[in-house]
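The block underneath contains the structure these notes are about, expressed in structure tokens.
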Amino acid sequence: MSRPRFAVGIDLGTTHSALAAAPLSRPTIQLLRVPQFVAPGEVSERELLPSFLYLAIPGEMNTGELNLPWGATPQITGELARRLGAKAPDRLVASAKSWICHGGVNRRAKILPWGSNDDDPHVSPYEAQVAYLSHLERAWRHKYPAAPLSEQDVVVTVPASFDEGARSLTAEAALEAGLGEVRLLEEPQAALYDYLGTHAEPEQAAQLRTLLAAAKLILVVDIGGGTTDLTLLRVLSELDDQGQPRVERIAVGGHLMLGGDNMDAALALYALEKAGLGRPEDATVWAGLVQSARDTKERLLSDGAPTDAVISYQGRGSRLTGSTKSLVVTREEALAVLLDGFFPKTDPADVAVRGVRAGLTTLGLPYTSDTAVPRHLATFLRRHAAAAIEAGATLVDGLPKPDLLLLNGGVFKAPAAVERLQEVLGRWYRNEQVQLLKHVSLDTSVARGAARFALARRGIGTLISGGTARAYYVGIEHAGRPCALCLAPKNAAEGTRHVVDGRVLELRLNEPVSFPLFAYSGDRLDAPGTLLAANSEGAELESLPALQTLLRAKSSPSGNVRPGSAGGSNTVRVTLESSIDQSGALQLSLVTVALPPTRWKLDFVLRGTSLARPVAPASAPAADARRGEPATATGPTHPKLPECRQRIKSAFASYDDSQVKSLRNQLEAVLGPRGEWSGETCRGIFDACMNEQAQRGHGEAHELNWLRLCSWTLRPGFGVVGDEERLTALWNLRSVGTVL
């Protein structure tokens, strides 16, 4: 691989995405203007790529209308997708990023658009994210053909509250889209990176130095389309290489699914109530109404907004103009819904009530029940009072007072929202204002900040420190009660390894096992090996996706394995090791105590229970190691698995029989001989085949080779996590029979 030429930042947003970059030889940040359809056959370059995917039905678009500068595209993303989806919401994929962090569904299953008919086209949240990143990758490659993104220093941003599963899925989506190995950065930090970098120019550097030197605590409030992210940073007394005070992130808020999507739904509900209409039970009709409310909100809150706008309400299957209702909302009404519903004038003692808001679950997402951002903010500040005091901040009635406030996210395009939040903070702090940092661009600051972070890692600009925002724990049984064992402390630096050798655990073999995982983002600092009662007061542990695996024992002269019961179960004595990778995600390994040591690397199970139609489960990266063999023999998936998925997709999409007939040879040419594949690699190929089951009807060769590939990759039957679901999905096809 050649040396990188660019530092690249990508904001993969809920509502829109953007790409910023700077040549390493001349680090000036510039935004990539992304070519995209704005009308059928009409292409325009824009700084923002709306994060929408439209699933056109066959014959809906002419072939000549789908040509972008780099060639024909089978997918419609961006501005045209948003416009077409307003008329056909059952074919519009929106808020894929919110689904990526929803652990209650199979995020690789084809469940979007949510609530549409089973016969309509569908994609998974993961596939939608790949589509947006692929569009950006092709736009970049079109402009810089000699500098592919896979060879650049690329940073992709994620909410600070993203769990490990969502982080891993985002990194894998970037890899599949052709971006290579990327770094992940928290969005609030990216916004601050852009502010610091923009104001570090020579004419402003002294002013920035004075501003930071007088501050102790910085608060970033980032309200995007799907989440609200809260971050606290402290300003240190020592200076960095640029002569600026160092900044360290000390706290992030928990996962808060509250953002622009909620505001769109609230505005839609208000318009229905005003017109004397009830909320539609049909999920597709409701989604179309919310999409129209989103467009209306953006018009009414923009600069030079009209006095009123119309929300369109159209029932499913309506074809007559008279069946479409126009719901008029004034700008004053929209501001009242936004301010009173999401920025009420609360007292500092008011705390948030967490839960699921039943009124919005028709969209399928677990929105928070309390939509008052100030109450969540007060709860966050009180929780981190100890860290704020240590940073030198003052308390007002027990509430830490930030010295500087940075607002980010499209919600703050409305000046009234900024003014209301400042008013609330003034009430809390006895009319003492928190100084507002003037943003550069609410739409592009995150992408620009991600590129600045890549530069800062190379010594160009201020680097924010802080390590991981959370401590990590694994659930174990100790003295007959459930406990949580600390694996990695809060503030752990990237690349550090933590060995919990003071705790020797008995691990069951020959049967499925689950490792419950927890995170803690409070101010308490636990060292690796610390043991907590999982349900003890003050533990405040947040559940993460479990690590699941099946470890098989083999007879071995090393004596590592202890004989078990008559049922064949055995145990092995192991210790735990953890590390933090470059994406900020947790990596966990099991190491046998007896020599020679055997090591198993465990990965997150990124699958939840699907709430939609029965579909083939996707690849779940979990270890399937057997005693006495290297972990790589049956554990992690092959790094070239994304390439093989694409080969499978292309082969079955083609009507060329030779493509599917040679597919097995192609796969072995990429992955090596079939006998050397890990269990997870086998299942990854199987899952890719199941995703293409609809293409079996292209011909007899397609049908035959699809069946052969499925049976080929379900063997051997080691019991890889998710196999029961795979067999169920395959068995359900029995009622369908062969296609030809």
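Which residues, taken from segment 15-35, are free of Cβ contacts under 8 Å to residues at least 60 places away in the same chain and either part of a strand (DSSP E or B) or surrounded by 22 or more Cβ atoms within 10 Å (Cβ to Cβ) (or both)?
If the condition is that a residue be free of Cβ contacts under 8 Å to residues at least 60 places away in the same chain and either part of a strand (DSSP E or B) or surrounded by 22 or more Cβ atoms within 10 Å (Cβ to Cβ) (or both), then Pro23, Gln30 are the ones that fit.
Would you mind finding the one in Val38, Val43 that is touching a residue at least 12 places away in the same chain (Cβ under 8 Å), in a strand (DSSP E or B), within 18 Å of Arg294 (Cβ to Cβ) and not hydroxyl-bearing (Ser, Thr, Tyr)?
Val38
Looking for something open to solvent by less than 40 Å² (accessible area, probe 1.4 Å), assigned to a loop (DSSP other than H, G, I, E, B), of a type outside the set (Asp, Glu) and farther than 30 Å from Ser441 by Cβ - is there at least one such residue anywhere in segment 403-410?
The answer is no, given that none of the residues of segment 403-410 is open to solvent by less than 40 Å² (accessible area, probe 1.4 Å), assigned to a loop (DSSP other than H, G, I, E, B), of a type outside the set (Asp, Glu) and farther than 30 Å from Ser441 by Cβ.
Every residue in segment 382-402 that is closer than 26 Å to Ser441 by Cα and surrounded by 22 or more Cβ atoms within 10 Å (Cβ to Cβ), please.
Answer for segment 382-402, where residues must be closer than 26 Å to Ser441 by Cα and surrounded by 22 or more Cβ atoms within 10 Å (Cβ to Cβ): just Pro402.
Residue by residue, here is whether (1) modelled with pLDDT under 95; (2) open to solvent by less than 10 Å² (accessible area, probe 1.4 Å); (3) within 19 Å of Ala451 (Cα to Cα) holds:
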position: Ala166; (1), (2), (3): yes, yes, no
position: Leu179; (1), (2), (3): no, yes, yes
position: Asp194; (1), (2), (3): no, yes, yes
position: Glu203; (1), (2), (3): yes, no, no
position: Gly226; (1), (2), (3): yes, yes, no
position: Ile250; (1), (2), (3): yes, no, no
position: Ala266; (1), (2), (3): yes, no, no
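In the set Gly103, Gly115, which member is open to solvent by 10 Å² or more (accessible area, probe 1.4 Å), in contact with a Ser or Thr (Cβ under 8 Å, 6 or more places away or on another chain) and either modelled with pLDDT of 95 or more or in a loop (DSSP other than H, G, I, E, B) (or both)?
That would be Gly115, the only listed residue that is open to solvent by 10 Å² or more (accessible area, probe 1.4 Å), in contact with a Ser or Thr (Cβ under 8 Å, 6 or more places away or on another chain) and either modelled with pLDDT of 95 or more or in a loop (DSSP other than H, G, I, E, B) (or both).
Which of (1) crowded, with 19+ Cβ neighbours inside 10 Å; (2) part of a loop (DSSP other than H, G, I, E, B); (3) of a type in the set (A, V, I, L, M) is the odd one out, the single condition Ala450 does not satisfy?
Every condition holds for Ala450 apart from (2).
Given the criteria β-branched (Val, Ile, Thr) and part of a helix (DSSP H, G or I), does Val130 qualify?
Here the answer is yes, as Val130 does meet what is asked.
Filter segment 40-65 for residues that are out of contact with any Gly (no Cβ under 8 Å at 6 or more places or on another chain), within 25 Å of His122 (Cβ to Cβ) and of a type outside the set (Ser, Thr, Tyr) and give the result.
Scanning segment 40-65 gives Pro40, Leu53, Leu55, Ala56, Ile57, Pro58, Gly59, Glu60, Met61.
Considering only segment 433-442, I want to know if a residue exists there that is part of a strand (DSSP E or B) and in contact with a His (Cβ under 9 Å, 6 or more places away or on another chain).
Yes: segment 433-442 contains one or more residues that are part of a strand (DSSP E or B) and in contact with a His (Cβ under 9 Å, 6 or more places away or on another chain).
Every residue, every condition in (1) among the aromatic types (Phe, Trp, Tyr); (2) touching a residue at least 24 places away in the same chain (Cβ under 8 Å); (3) assigned to a helix (DSSP H, G or I), yes or no:
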site: Gly226; (1), (2), (3): no, yes, no
site: Leu233; (1), (2), (3): no, yes, no
site: Ser237; (1), (2), (3): no, no, no
site: Ile250; (1), (2), (3): no, yes, no
site: Met263; (1), (2), (3): no, yes, yes
site: Ala266; (1), (2), (3): no, yes, yes
site: Leu269; (1), (2), (3): no, yes, yes
site: Leu272; (1), (2), (3): no, yes, yes
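Looking at (1) surrounded by fewer than 18 Cβ atoms within 10 Å (Cβ to Cβ); (2) closer than 30 Å to Val285 by Cα; (3) over 24 Å from the mean Cα position of the chain (by Cα), can you tell me which one Lys413 breaks?
That leaves (3) as the condition not met.
Taking the condition of being over 17 Å from the mean Cα position of the chain (by Cα), of a type outside the set (Ser, Thr, Tyr) and in a helix (DSSP H, G or I), how many residues in segment 172-198 meet it?
5
Can you spot a residue in segment 69-87 that is hydroxyl-bearing (Ser, Thr, Tyr), over 21 Å from the mean Cα position of the chain (by Cα) and farther than 27 Å from Glu298 by Cα?
For segment 69-87, residues hydroxyl-bearing (Ser, Thr, Tyr), over 21 Å from the mean Cα position of the chain (by Cα) and farther than 27 Å from Glu298 by Cα: present.
Could you tell me which residue of segment 638-663 is surrounded by the most Cβ atoms within 10 Å (Cβ to Cβ), considering only residues that are over 25 Å from Pro58 (Cα atoms) and within 33 Å of the chain's Cα centre (by Cα)?
Once the filter is applied, the top-ranked residue is Leu641.
Any residue in segment 156-176 that is in contact (Cβ under 8 Å) with a residue 60 or more places away in the chain sitting within a Cβ distance under 8 Å of a residue that is small (Gly, Ala, Ser) and in a helix (DSSP H, G or I)? List the pairs, counting only those 6 or more apart or interchain.
From residues that are in contact (Cβ under 8 Å) with a residue 60 or more places away in the chain, the pairs are Val156/Ala171; Val156/Ala174; Val156/Ala450; Thr157/Ala190; Thr157/Ala447; Thr157/Gly449; Thr157/Ala450; Val158/Ala166.
Determine which member of the set Leu436, Leu485 is more than 22 Å from the chain's Cα centre (by Cα) and crowded, with 18+ Cβ neighbours inside 10 Å.
Leu485
Count, please, the residues in segment 277-316 that happen to be out of contact with any Pro (no Cβ under 8 Å at 6 or more places or on another chain), part of a loop (DSSP other than H, G, I, E, B) and open to solvent by less than 70 Å² (accessible area, probe 1.4 Å).
8
The values are calculated or read from the model by the stated rules, or taken from the named source; none is laboratory data. Remember, predicted model here, so these are calculated numbers, not experimental data. Cβ coordinates were reconstructed from backbone atoms using ideal geometry, including for glycine residues, and neighbour counts include every protein chain displayed. The accessibility values were calculated without ligands, DNA or RNA, using every heavy atom of the protein model including side chains. Shrake-Rupley method; radii C 1.70, N 1.55, O 1.52, S 1.80 Å.
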